[in-house]
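Student: Take a look at this one; I'll ask things after.
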Amino acid sequence: FERSGSATVDLMFSRAKQAFLAKDTNLALDLLDYITALQPGFAEAYHRRALIHLTRQDEEAALRDLRAALGLEPRHYLAMTGLAILLRNSGNTKGAYKVLVRVRELNPLIPEIKETLEKLRQDVEGQKI
């Protein structure tokens, strides 16, 4: 997911990741804005920008970027996971469950996926008698 096909964009993306890790979200966001303008088909840039929006509690912007990432790469299971979190936080447990079922299909090795799905399944379907 992290290769854009452009050495310049890949370098900028690497700098954006470093800025984010250093908690310089303004710089990371500026770099990712520039990357998405330069290479609008690079799904991971939208995903990373969504993560920054999530840390800033800007769920509307995060949702917009997650949708963009998934529009470009429908199998981006990390973007799907972010979408499931937003759906769950907004009270759409059934939608979150459906998204996470798809995540499990794409990457069943995510450690928390089985437990999270079971909790959501109970919320969606109720407790078994």
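Student: Could you list, ordered by first residue, the pairs with Cβ atoms under 7 Å in which the first is in region 2-20 and on the phi < 0 side of the Ramachandran plot and the second is open to solvent by less than 30 Å² (accessible area, probe 1.4 Å) and among the acidic types (Asp, Glu), at least 6 apart or interchain?
Tutor: GLU2/GLU44
Student: In this structure, is ALA19 surrounded by 14 or more Cβ atoms within 10 Å (Cβ to Cβ) and not charged (D, E, K, R)?
Tutor: In short, yes.
Student: Considering only residues of region 40-80 that are of a type in the set (Ser, Thr, Tyr) and under 22 Å from ALA22 (Cα atoms), which is most open to solvent (accessible area, probe 1.4 Å)?
Tutor: Looking at the filtered set, the residue picked out is THR55.
Student: Right, here's the next one. Output the qualifying pairs, or none if there are none: Cβ atoms under 7 angstrom, residues six or more apart or on different chains, first residue in region 28-52 and assigned to a helix (DSSP H, G or I), second residue among the hydroxyl-bearing types (Ser, Thr, Tyr) and open to solvent by 20 Å² or more (accessible area, probe 1.4 Å).
Tutor: Once the first residue is assigned to a helix (DSSP H, G or I) and sits in region 28-52, its partners that are among the hydroxyl-bearing types (Ser, Thr, Tyr) and open to solvent by 20 Å² or more (accessible area, probe 1.4 Å) give THR36/TYR46; ILE52/THR25.
Student: Cβ-Cβ distance below 7 Å, separation of 6 or more or different chains: which pairs start in region 76-103 with a residue that is within 20 Å of LEU51 (Cα to Cα) and end on one that is among the hydroxyl-bearing types (Ser, Thr, Tyr) and open to solvent by 30 Å² or more (accessible area, probe 1.4 Å)?
Tutor: As it stands, the answer is LEU100/THR116; VAL103/TYR77; VAL103/THR81, since those pairs meet every condition given.
The values are calculated or read from the model by the stated rules, or taken from the named source; none is laboratory data. Small disclaimer: the values here were computed from a predicted structure and weren't measured. Counting neighbours? That spans all protein chains shown, and the Cβs are built from the backbone with ideal geometry, glycine included. With ligands, DNA and RNA removed, areas are computed over all heavy atoms of the protein, side chains included. Shrake-Rupley method; radii C 1.70, N 1.55, O 1.52, S 1.80 Å.
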